Amino acid sequence: MSYQVLARKYRPQKFSEVIGQEHVTRTLQNAIAQERIAHGYIFSGHRGIGKTTVARILAMALNCRSTNETTGKPPIEPCGVCDSCTEIRAGNSVDVIEIDAATNRGIDEIRELREAARYRPARDRFKIYILDEAHQITDAAFNALLKTLEEPPSHVIFMMATTQPEDIPQTIRSRCQHFSYRAMKFDDIVGQLRDIVTKENIPADENALALLAEAGDGSMRDALSILDQAIASTSEHLTADSVRSLIGSAPAAALETVMQAVAESSSEKILVLVDELIGEGHSPTHFARQLVRFLRNVTVAKIAGKDSALLQISSDERARVARIADLFSEEDLTRHLQIMLRTHGELGYRHEQRFHLELGLLKMAHAQRLLPIEQLLSDAAAVMPAPRPGIVKNISAQADIRRPDASVSARSNSVSPFAADSARKGNPKAEASGDLAGFADRSVRATQPNTNVVIMGSTAPAVVELSPEPETQSAASIDAPIETKAEVNAEALRDAVLGALANQQMLVSILGSAEWTLNGSSLTAKVAASGTMIEMSYTADARRRAGSAASARAGRSVRVLVEHGGTQQQVSAPRRAANGSARSRAEQDPIVQRMQEKFGAEIRTVIDYREKG
């Protein structure tokens, strides 16, 4: 076949024809002019942006036979007509060897390359090895190449092209000059496509070229490949609709309609639109990707304006994203973009892709009704210029706080709650008048009765019903002292503690014979038991229960302490064990009491054989 694809037909043959990589071509031309040629180069970057092409042009320039007659230096631009340039361009040069590293990646192939590198070039000035997809070479093969790359013969130059430079060992990268290529700009791709369709006499709309450049995603080769398909698919004129149908993209109007339905919180319309797109054969993953790009452009248009250079889209698309940007606030757009990014990520490994796409779009519709806490605080500050201390009546957790549908359209034209809240906090007069400046410590204030405040935090939002102080309450009643409970003695607190610990019989036995004293907020029980026994019996749970019982009985915070050093005493307080049982009779036995006083003994188990008989 005599036909040659556009990507090969219009491949650059000189440094000046390379588009979008001026930082690389300028450096290489200066190196040739100054004769500062390195023995190893690494060209890395996105696919289809000219890495291998620049490597070939550099090889043509170094081996070009039309050298400078006065200095003998190689030209900074290859002539393209000599035998060396012609052979390199055709790929059959003896001294310029292109190796597909994805196939020849083993140590045996690299050993052969290393052996061949020792011999001088057959005709040209340099023997050049171009390794494409160099990151796929194995570690063992790189190690075999390491010594040759570190101290190569003066006639050998290595050029490695890769899309993943991080996979190349650092020992290799440190011995080469690394050039990082940039993704091609949108305008550069559109300009190149325009020149090519002009040379090919193919009429094409600007919107069609812009759509091709966007589909190329920064790759000139991808854009030219899609252009080849588009030319083959149409017989007369290249339009945006024909390109869109070719690449399987959803109509741009469908994206705008979906976002309008989101702005209206119309769940039914969203489901109908998704059903139409799926029925026409559109991929949910592709549509989600389109919507992510569309939301990104809408967000940029909202922030920087529709004429911003950050928007690399056609004029019709700029007008479309500007219309959608007017329907949402910046906070809404960032929230929607985050939802769609998560949805697009989930579609890659989910089986029911349609259901997850519908769920993501419905989340966006419901997110329109959420009320940010910043806007709540700003509105509350404007309504309550002179707040007074209020009383929180009740707090009830809510799963979802939604604004009325009537306020959806009004919110898009309102001032950003972030900006309003920042302006309010930065106003010293507002802080002096008490415009909820102390809300960070969760203090809630209100001036009007029956005020419901919606608070959204990291968990579920909450509704706080506020009411002011009763107007009938006078200043004198506020300043009046609060009546406290009557003082209680140590015996009353002891009874409360023993009652709370009634299920721990060993501890009750120890504390029941203790000496109890009340000193301020400390209730001390001095027992005759050893310190080890106290530590084993008076656990953290027992301390908590004893303290709670004593505090409840005294009406204030009381700490219960158990110390060693008391004497064994008769239990006079009523206890749960003193009910005529075997344990109570054993505790009242004189011999048992004597043993307790003398040796600090304790009763652990009581067996009454009379009850069993």
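The values are calculated or read from the model by the stated rules, or taken from the named source; none is laboratory data. Every value quoted in this text rests on a predicted model; they were computed, and no experiment measured them. Note that each Cβ is placed from the backbone with ideal geometry, even for glycine, and that neighbours are counted across all protein chains shown.
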Task: Among the residues listed as T52, T86, T103, T67, the single one being in the same structural domain as S154 (by TED's automatic domain parsing), touching a residue at least 40 places away in the same chain (Cβ under 8 Å) and of a type in the set (S, T, N, Q) - done: T52
TODO: Run down T334, T299 and say which single residue is of a type in the set (S, T, Y), touching a Leu at 6+ places or on another chain (Cβ under 6 Å) and over 22 Å from V243 (Cβ atoms).
DONE: T299
- [ ] Sort out which residues of the stretch 220-244 are small (G, A, S) and either buried (at least 20 other Cβ atoms within 10 Å of the Cβ) or free of Cβ contacts under 8 Å to residues at least 12 places away in the same chain (or both), and write them in order of number.
- [x] A223, A230, A232, S235, A240
Task: Hits in the stretch 105-158 - residues which are aromatic (F, W, Y), in contact with a strand residue (DSSP E or B) (Cβ under 6 Å, 6 or more places away or on another chain) and within 23 Å of D83 (Cβ to Cβ) - done: F126, Y129
TODO: Give the number of residues within the stretch 139-168 that are over 34 Å from the mean Cα position of the chain (by Cα), within 16 Å of D100 (Cα to Cα) and not in a strand (DSSP E or B).
DONE: 3
Task: Criterion (at pLDDT 90 or above and under 24 Å from L212 (Cα atoms)) met by exactly one of V24, V5, V18 - done: V18
- [ ] Working only within the stretch 289-332, note down all residues that are without any contact (Cβ under 8 Å) to a residue 40 or more places away in the chain, touching a Lys or Arg at 6+ places or on another chain (Cβ under 6 Å) and assigned to a helix (DSSP H, G or I).
- [x] R318, A322, A325
- [ ] Any residue in the stretch 271-284 that's assigned by TED's automatic domain parsing to the domain that holds L361 and closer than 18 Å to E256 by Cβ: show its pairings with residues that are surrounded by 18 or more Cβ atoms within 10 Å (Cβ to Cβ) and of a type in the set (V, I, T) at Cβ separation under 7 Å, as long as the two are six or more apart or on different chains.
- [x] L273/V258
Task: Residue in the stretch 333-365 that is farthest from A304 (Cα to Cα), counting only those that are in a helix (DSSP H, G or I) and hydroxyl-bearing (S, T, Y) - done: T343
Task: From A223, A215, A261, residue being assigned to a helix (DSSP H, G or I), more than 23 Å from I324 (Cβ to Cβ) and among the aliphatic types (A, V, I, L, M) - done: A223
